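**Q** The structure follows.
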Amino acid sequence: MELRTTNICMKNFKSRLPDVTFYSRESEAACGPRGSVVGFSGSVSEKMLSGLHYPGCPEARLRSLREKLPCREVQAGTLLAIMGEPEQYCYPSIFIYGHRATGKSHVILTLLKELELPHAAVSCVECVSAGLLFEQTLLALFGADSAALLPRLPSLSDFVRVYRQVCAQQPAKQTRYIVLERAELLRDMEANLLPGLLRLQELVDDNVAVILLSEIVWDKFRPNTGCFEPLLLHFPDYTKAELLQILSLDSNPSYTPELYSSYINILLGVFYSVCRDLRELRHLAALNFSKFCEPLEKGEAKEGNTHKLWRNIEPHLKRAMQTVYLREVSSVQWGQQQMDEKEATALRGLSALAHVELPYYSKFLLIAAYLASYNPARTDRRFFVKHHGKMKKTSFLKKHEKTSNHLLGPKPFPLDRLLAIFYSVVDSRVAPTASVFSQISSLVTLQLLTQVGHDDQLDTPKYKCAVSLDFILAISRTVSFDIVRYLYDFI
Amino acid sequence: MNESSGCFVFKPSSKKRKRTVGIDEYFVDGNDDCGNGRERFNICQKLWEKIKMDTEILQDELNEKILESLLDFIKKCTLSFQSRTDDWASRMRASEIPTAALVLGVNVPDHDMTFQSLSDLLKNSVTPFSVSVQAKECTALKNLMQRVLERLMGVGVSVEEDEEDSGIHLPQKRVSCSISVLCQWYKTVTKVGRRTLKLSHCKNGFLQSPPIVVIFKDFEAFNPRVLQDFILICNRYIHELPLIFVFGIATSPSTVQHILPHSVSSLLCIELFQSLSCTQHLATVIDKLILTSQFPFKLTGKVLQVLVSIFLYHDFSVRNFVKGLQLALLEHFHSQPLSVLCCKKQEARHNAQKLSHKDVEMVRQLPSFMRYVETQEPQEQVQLLTSDDHVKEVCQMLLKGLRKYHKNYYPILRCLHSLTASLPKYPLGKQIRELHISCLEKNVWETNEYESAMQLLRLLAKDELVAALRKCADILKPGKTKKMKSALQQLEDYIIRFEQLDETLSGEEITSPGKDLQKKTDLFQLQKTLLEMKGSRRTKKMSPFEILRNETLDFIDGLVRSHLTPPELQPLNEVCYYSSSGVLRRHLNATPRTSIQTALSHPFYFLQNENLKTDAGTVSSAAPDICIVYKLHLECGRLINLYDWLEAYATVVSAAEGKDPDAEDYGKVDELKHARFIQSVSELEFLGFVKSTKQKTDHVARLTWGGC
């Protein structure tokens, strides 16, 4: 995993924290492009990290903050330390990364909201164009009038110009924050956007900080041309104990918190090995809790009788792992099934209906494509010419062809070869009609074949077969064609 | 202008004749000698309207079930959106977008109709806000957003990239394309709707906040990235917008998991809906459109075979099948002047009266009519060959016979199918259409399959046979003709007799011959008895049940023999039966490669110029340049040297110009020939026969295999 490698970075960073609070724009020049991490020195006491401090903020509010951010005090503390005092300049750009549902957006947005700091939160996935990103940012920071100043098709420089213009009218009293969620999508937009945003503070000459949130490490972001290095902050995965603590917080009001936390314990025992996504776990917990409580409702067990409750819920959870967790069965259906007490077999999962009905020639085209993809072209003579003479498997093959073709995956083949094999495997004479050719392209749209390379039909197109062996075995069985006899790997 | 390039120039000779032609004019123009073109067109039109309406009704009936369950699902989801209370479970649950995965099968052309009726139904009963999007109009996320927003809000949404109209920039309010805009719009619309249309809403049956249904017509064809991003965005707004997705899936539901990663598919709450398979669909269509005496227009076995094989081998599309039927209908009425008689009873009688002398002559030349004449008495024959009026009367009679034949044919066909459809190995075909086709082509009772089916039927146990006979009786019940009524009567009699058999049989005792076997221990005696038993088994007296069974089956065999005769034997069948399967195949299952090759190797076939007529395998040197170049390239290997090719071409063309073979510049390449050659080669390249290659300079590669 790419995330693991950067844990060290985080450690370094923690140890250099105190300087960050005094950090201002003046020292930036000295830091150089990669100086964001290197420039800090000194050590920090654990005490400072564990407590949240924010100048000018009452202790009561900080306490409520702490309650809202369980198991993320350290990260929140670091962030607050980086932010510094409201009127001070903040570090120009901060990059926060960590797996899904590790509280990145939650922590930063809670902080900004609770402390009533001016900020704009934009999800990059929504911004189909950079213009939308600028518009939403300006809208959130300066109100609707400013966004209207943007021209059609705004570029980064338009944004900077407009920002400066409105900023002159409303100068910053405290640091403004721009939070960009799913920042990895910025890489796909204009090339100058990401480097520009990283240096936005400098460009607009305002007390503004850009906070990027992503699931991907910074190394994958760094443009070729180099850019200003943001501060990196890693949100590690929750540990099992932390998950237990967080999940236990949302206990059902009609039952005791102890019962709920023992339920969560059982749930984590089943699911922790496959899923550490907090959101998903919370969803699963909610889905299965009613089943857990069933013996209590019926009066068959007491709350203290954990063993009985465990015996009741465990197989149920295991089944949930195979079905509802994989979205084979929708959560609504799952809930209904629980109520109806039906057998699990009654519900058909999504992958249960893998059978695909195809027209007769399409089946043969697909079979031909499969053969073309998994047999070396040189062996076609052996399989499709009647009097091919003797050919031993080992003697006429090059070394690399001796490894199983099924391990290597499908290889591309030209249309001619596909048709040649098609005509020799299909048992009747087939006229090369338009519909045979159109079937090839409809197989492509159905994603059973994929077209490789250029899409110029005049210049011999190439295809790959995209179906599995099981699928093609099922297909060839319906037309009673013994495909295994024609596959080089199986002779 | 030299003659060879002249072949390609077709000046439209009469531009003045370019007028807007009414569709019915084509029927008149085709055969100017027959006055009944317009009538035929009208009959054809009427028939087609009827067929079209019937198929639409049929489609609706077939889709009813799945669409209803889909609607229920959507309604249920809408309710759950509204009743999203603050109870614990719903608060804890991740907010998923309700999604219906609609598995429709690979017959993509048919899906349009289903989606059309789905969105009609939605508009009528659930929500005014439903949009359907296709993959080809949504190559990027912004296109998808734009389509969805445009169709929902009914206004132009600007994607910032379309610069075309930036010159005439109107001061209109720009609507940026994001879901948040949609959110605001939705809020205002529902608020307004609530305030003003409170009454009408209740009347329409719309719920208070109708859901927004987005239908992805061809799920597989969508770019996975686009879909993923769209779902991610929508998920952010699910609390404000009651969104529901419908995925139209052609292959199998597991493609959802292939296209969407778990992180995205976990945002959806997918429920599966499976539609009827297309083969069942086709069976119903054939049942309702072809196996009925309702329509006077019929297909012969070969034509039906062509249509069915296109369906089974190529596209699985019922819509294309019906289109094929339409083409056959048009062709029949266009090419067969006597098809004016192919209509309902009254009309046919009327039209038969009005037949002109020419038409009557045509009737006389019909093979089936000639056969009919031959079977008549000599005096009658003379009458038929001389008197037009008499022919007209006989025509009416024969048409009546034909109608009767159809009325008897279909019920008996169904009976035979219902009897044989459950036999092992399906000797007469699993589907009724197979039986129908074999009945159309020959006397079905002469085939081996029929014989084996009958033998199997003679082995049926009583309860099976009675059940099958009951089914037959049900089929025969709606029959109106006398013959059908009497057949039904007889069949019911047989059923009653089978039932009575029980009572009579229960009294009798069956003595088994094995009883007295144990007494005899003598070897000789034993052999003797065994021989006796063998002989007695051969001539064993049949039980009353067996007798009755044979009797019943003989009766059914008689029905088959009298009613399932092939239509070719019926006089005047040409009026109703469309038979040119070749035309249909050429039109529906075109072979572009073959026609290009024909055009290039036999230019006479298309150009009809006498000079180009040559023996097989050769091309006249006067043929168009491209044909000469094509012919020369066939003689080359995989790589073609361009200069050699040019030389050969110049020689051939010089011969065509009639130059003296001994002259000095014979076969020399001049600029004109060079240019013509290059043009032809690039035309060949455009047609996909050659392409430039980097393997060798001055060479092109052949793209077709096979020698000359």
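The values are calculated or read from the model by the stated rules, or taken from the named source; none is laboratory data. In this text, all values refer to a predicted model and were calculated from it rather than measured experimentally. All Cβ positions, glycine included, derive from the backbone under ideal geometry; neighbour counts span all protein chains shown. Quick note on the areas: whole protein, heavy atoms, side chains included, nothing else; ligands and nucleic acids left out. Shrake-Rupley method; radii C 1.70, N 1.55, O 1.52, S 1.80 Å.
A quick yes/no check of all residues on (1) modelled with pLDDT of 90 or more; (2) hydrophobic (A, V, I, L, M, F, W, C); (3) over 19 Å from B:Leu564 (Cα atoms):
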{"site": "B:Ile412", "(1), (2), (3)": "yes, yes, no"}
{"site": "B:Cys439", "(1), (2), (3)": "yes, yes, no"}
{"site": "B:Glu464", "(1), (2), (3)": "no, no, yes"}
{"site": "B:Lys477", "(1), (2), (3)": "no, no, no"}
{"site": "B:Lys482", "(1), (2), (3)": "no, no, no"}
{"site": "B:Glu508", "(1), (2), (3)": "no, no, yes"}
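**Q** Every residue in region A:216-242 that is closer than 30 Å to A:Tyr263 by Cα and among the charged types (D, E, K, R), please. Break it down into steps so the answer makes sense when it comes.
**A** Initial filter on region A:216-242 (closer than 30 Å to A:Tyr263 by Cα): A:235-242.
Listed by number, the residues that qualify are A:Asp237, A:Lys240, A:Glu242.
**Q** Right, A:His283: within 14 Å of chain B (Cβ to nearest Cβ) and not acidic (Asp, Glu) or not?
**A** On the way: within 14 Å of chain B (Cβ to nearest Cβ): yes; not acidic (Asp, Glu): yes.
Against the criterion (within 14 Å of chain B (Cβ to nearest Cβ) and not acidic (Asp, Glu)), A:His283 qualifies.
**Q** Scan region A:154-195 for residues that are more than 22 Å from A:Lys220 (Cα to Cα) and among the basic types (Lys, Arg) and jot them down.
**A** A:Arg161, A:Arg164, A:Lys173, A:Arg176
**Q** Kindly indicate whether any position in region A:230-246 is within 14 Å of chain B (Cβ to nearest Cβ) and surrounded by 17 or more Cβ atoms within 10 Å (Cβ to Cβ). Break it down stepwise before answering.
**A** Restricting attention to region A:230-246, the residues satisfying the condition of being within 14 Å of chain B (Cβ to nearest Cβ) are A:246.
Within this subset, residues satisfying the condition of being surrounded by 17 or more Cβ atoms within 10 Å (Cβ to Cβ) are A:246.
Taking every residue of region A:230-246 in turn, at least one turns out to be within 14 Å of chain B (Cβ to nearest Cβ) and surrounded by 17 or more Cβ atoms within 10 Å (Cβ to Cβ).
**Q** In region B:561-618, which residue that is in contact with a Pro (Cβ under 9 Å, 6 or more places away or on another chain) and within 14 Å of another protein chain (Cβ to nearest Cβ) is most open to solvent (accessible area, probe 1.4 Å)?
**A** For region B:561-618, the residue satisfying everything is B:Arg593.
**Q** I need every pair where a residue in region A:283-301 that is more than 21 Å from A:Ile246 (Cα to Cα) has its Cβ under 8 Å from the Cβ of a residue that is part of a helix (DSSP H, G or I) and open to solvent by 30 Å² or more (accessible area, probe 1.4 Å), sequence separation at least 6 or different chains.
**A** Final answer for the pair search is A:Lys291/A:Asn312; A:Glu294/A:Asn312; A:Pro295/A:Lys308; A:Pro295/A:Asn312; A:Glu300/A:Lys308; A:Ala301/A:Lys308; A:Ala301/A:Asn312.
**Q** Return yes when A:Glu314 is acidic (Asp, Glu), at pLDDT 80 or above and farther than 30 Å from A:Val444 by Cβ and no when it is not.
**A** Spelling it out, A:Glu314 is indeed acidic (Asp, Glu), at pLDDT 80 or above and farther than 30 Å from A:Val444 by Cβ.
**Q** Return the residues of region A:283-331 that are of a type in the set (Val, Ile, Thr) and either over 37 Å from the mean Cα position of the chain (by Cα) or surrounded by 17 or more Cβ atoms within 10 Å (Cβ to Cβ) (or both); say none if nothing qualifies.
**A** A:Ile313, A:Thr323, A:Val324, A:Val329
**Q** If you don't mind, another one. Sort out which residues of region B:335-353 are open to solvent by 60 Å² or more (accessible area, probe 1.4 Å) and either more than 14 Å from B:Pro296 (Cα to Cα) or touching a His at 6+ places or on another chain (Cβ under 7 Å) (or both), and write them in order of number.
**A** B:Ser335, B:His350, B:Gln353
Condition check ((1) assigned to a helix (DSSP H, G or I); (2) within 30 Å of A:Pro461 (Cβ to Cβ); (3) in contact with a strand residue (DSSP E or B) (Cβ under 8 Å, 6 or more places away or on another chain); (4) open to solvent by less than 50 Å² (accessible area, probe 1.4 Å)) across all residues:
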site	(1), (2), (3), (4)
B:Tyr630	yes, yes, no, yes
B:Ile640	no, yes, yes, yes
B:Ser654	yes, no, no, yes
B:Tyr666	no, no, no, no
B:Leu672	yes, no, no, no
B:Phe677	yes, yes, no, yes
B:Val681	yes, yes, yes, yes
B:Phe686	yes, yes, no, no
B:Lys694	no, yes, no, no
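**Q** Restricting to region B:228-265, what's the tally of residues that are in contact with a Lys or Arg (Cβ under 6 Å, 6 or more places away or on another chain) and either aliphatic (A, V, I, L, M) or in contact (Cβ under 8 Å) with a residue 60 or more places away in the chain (or both)?
**A** Here the count works out to 1.
**Q** May I pose another question? Report, by residue number, each residue of region A:389-425 that is modelled with pLDDT under 80, part of a helix (DSSP H, G or I) and open to solvent by 40 Å² or more (accessible area, probe 1.4 Å).
**A** If the condition is that a residue be modelled with pLDDT under 80, part of a helix (DSSP H, G or I) and open to solvent by 40 Å² or more (accessible area, probe 1.4 Å), then A:Lys399, A:His400, A:Lys402 are the ones that fit.
**Q** Among (1) modelled with pLDDT of 80 or more; (2) surrounded by 15 or more Cβ atoms within 10 Å (Cβ to Cβ); (3) more than 9 Å from every other protein chain (Cβ to nearest Cβ), which single condition is A:Gln337 missing?
**A** (1)
**Q** If you go through region B:227-240 one residue at a time, how many are in contact with a helix residue (DSSP H, G or I) (Cβ under 7 Å, 6 or more places away or on another chain) and more than 7 Å from every other protein chain (Cβ to nearest Cβ)?
**A** Qualifying residue count, region B:227-240: 7.
**Q** Let me ask something else about it. Quick check on my filter: what residues within region B:267-293 are more than 8 Å from every other protein chain (Cβ to nearest Cβ) and either part of a loop (DSSP other than H, G, I, E, B) or among the β-branched types (Val, Ile, Thr) (or both)? Spell out the reasoning first.
**A** Residues of region B:267-293 more than 8 Å from every other protein chain (Cβ to nearest Cβ): B:267, B:273, B:275-276, B:280-293.
Residues satisfying the conditions are B:Leu267, B:Ser275, B:Leu276, B:Thr284, B:Val285, B:Ile286, B:Ile290, B:Leu291, B:Thr292, B:Ser293.
**Q** Being more than 10 Å from chain B (Cβ to nearest Cβ) and either at pLDDT 90 or above or in contact with a helix residue (DSSP H, G or I) (Cβ under 7 Å, 6 or more places away or on another chain) (or both) is the filter here; which residues of region A:114-123 pass it?
**A** Let us first name the residues in region A:114-123 that are more than 10 Å from chain B (Cβ to nearest Cβ), namely A:114-122.
Result: A:Glu114, A:Pro118, A:His119, A:Ala120, A:Ala121, A:Val122.
**Q** Moving on. B:Val264 fails exactly one of the following numbered conditions: (1) within 12 Å of chain A (Cβ to nearest Cβ); (2) not in a helix (DSSP H, G or I). What is the number of that condition?
**A** For B:Val264, the failing item is (2).
**Q** Which residue is farthest from the other protein chains (Cβ to nearest Cβ), if the candidates are limited to region B:299-332 and must be under 14 Å from B:Gly582 (Cβ atoms) and among the hydroxyl-bearing types (Ser, Thr, Tyr)?
**A** My answer is B:Thr300.
**Q** With B:Pro427, B:Pro478, B:Pro411 as the choices, which residue is outside any helix (DSSP H, G or I) and either crowded, with 16+ Cβ neighbours inside 10 Å or among the charged types (D, E, K, R) (or both)?
**A** Within the list B:Pro427, B:Pro478, B:Pro411, the selection yields B:Pro427.
**Q** Residues B:Pro224, B:Pro253, B:Pro296: which one is surrounded by fewer than 22 Cβ atoms within 10 Å (Cβ to Cβ) and within 11 Å of another protein chain (Cβ to nearest Cβ)?
**A** Every option except B:Pro224 fails the conditions.
Okay, residues lined up against (1) out of contact with any strand residue (DSSP E or B) (no Cβ under 9 Å at 6 or more places or on another chain); (2) within 10 Å of another protein chain (Cβ to nearest Cβ); (3) open to solvent by 50 Å² or more (accessible area, probe 1.4 Å):
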| position | (1), (2), (3) |
| --- | --- |
| B:Leu102 | no, no, no |
| B:Ser119 | no, no, no |
| B:Leu122 | no, no, no |
| B:Pro128 | yes, no, yes |
| B:Val131 | no, no, no |
| B:Leu144 | no, yes, no |
| B:Val148 | no, no, no |
| B:Met153 | yes, no, no |
